[in-house]
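Shown next, in structure tokens, is the structure this report addresses.
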Amino acid sequence: MAACLERVRGGDEVAARELLVHLTPLVTKIVRSHLPRRTAEEDLIQAVFVKVFTKLDQYGGSAPFTHWVARVAVNTCLNLLAHERVRPELRYADLSEEEEAVVQNLASGDGDLPSDQNSGARELVHKMLAMLNPEDRLAITLLHLEGRSVEEVHQQTGWSRALVKVRAFRARQKMKRHLQQLLKETTI
Amino acid sequence: MNRKINPSDPLDRLLRGAALAREIDRPIAGLTWAAENRVLGAWRTSRSVGIGESWMGLFRAGVALAGATALLTVLITWHTDITPVVDEVAATDAAFNVVVMR
């Protein structure tokens, strides 16, 4: 990777194409997790790569190159998400049958959800995430859905470790309030 | 996140269920030929701009050096102009007059 990077910096176009191919799975995965609504996936991947290649001189080499690329990708998505409207509210009536079953289970049961309700849970979480601001959404996605550590989130976003924890805490509090509202509506 | 899941907390249960749900793995296709070329085109342009900028920097340094040299020359010339020059002919004349008068 380091040798390839050096060749790219020297203007080697073949190396640039190799680097592009090598980085595509990483960038695609990040873009898919944080894709704003009404944005084409390929356009966003292309925008990330343009940033990576035109700012290559800014990579200092203190962190692994893939971490730097991931940070560029996350920040590009975050900038686009910042212009996206936050969903005002989520009512029980807006839920699909699958999501309703999940909420009913959460209201009555304990422990893990049955595995056949996991996809419903994911859908519901995505709807709840749409009510958060982009930073809070990112914190929950990385920490709770992708299972990353605080250290990994710090490296990927550039936020301090304390900020990662604070954002996650605040986001959880907001999600708790929204979920409580839904749970209340099931009992009515 | 390395935190314990509270089995009775609805949000923890919901997030755990969501994390366990497998997203439909869509295959990752490479960039299209057009997109790849647009990226490399932007990269080439940024490189040529960078090279142009380094030449521009050299040009600016040259202009600054030439300006400084010109200013130094003007200062030296001015300094020479204001230094009183002894009129050698007048001095000789005076000496000649003295000799003649004797």
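The values are calculated or read from the model by the stated rules, or taken from the named source; none is laboratory data. Here the structure is a predicted model, which means the values were calculated and not measured. Cβ placement follows ideal geometry from the backbone for every residue including glycine, while neighbour counts extend to all protein chains displayed.
Annotations for the structure displayed:
- Failed criterion for A:GLY60 (all others in (1) assigned to a loop (DSSP other than H, G, I, E, B); (2) more than 14 Å from every other protein chain (Cβ to nearest Cβ); (3) within 20 Å of the chain's Cα centre (by Cα) hold): (3)
- Residues located in region A:71-105, provided they are of a type in the set (S, T, N, Q) and outside any loop (DSSP other than H, G, I, E, B): A:ASN75, A:THR76, A:ASN79, A:GLN104, A:ASN105
- Index of the failed condition, B:THR83 passing every other in (1) surrounded by 11 or more Cβ atoms within 10 Å (Cβ to Cβ); (2) modelled with pLDDT under 75: (1)
- From the list A:ARG17, A:ARG32, A:ARG7, the one residue that fits, being at pLDDT 85 or above, closer than 27 Å to A:GLU151 by Cα, surrounded by fewer than 18 Cβ atoms within 10 Å (Cβ to Cβ) and not aromatic (Phe, Trp, Tyr), is A:ARG32.
- Within region A:114-167, the only residue that satisfies the criterion of being of a type in the set (Asp, Glu), more than 14 Å from B:GLY17 (Cα to Cα) and in contact (Cβ under 8 Å) with a residue 40 or more places away in the chain is A:GLU135.
- Within the span defined as region A:77-88, every residue fails to be under 20 Å from the mean Cα position of the chain (by Cα), at pLDDT 90 or above, under 20 Å from A:GLU146 (Cα atoms) and surrounded by 19 or more Cβ atoms within 10 Å (Cβ to Cβ).
- Positions within region A:147-175 being surrounded by fewer than 15 Cβ atoms within 10 Å (Cβ to Cβ) and among the charged types (D, E, K, R), in sequence order: A:GLU151, A:ARG161
- Only one of the listed residues (B:LEU15, B:LEU31) is facing chain A (nearest Cβ under 7 Å), at pLDDT 80 or above and in a loop (DSSP other than H, G, I, E, B). That residue is B:LEU31.
- Verdict on A:THR39 being surrounded by 12 or more Cβ atoms within 10 Å (Cβ to Cβ), assigned to a loop (DSSP other than H, G, I, E, B) and of a type in the set (Val, Ile, Thr): yes
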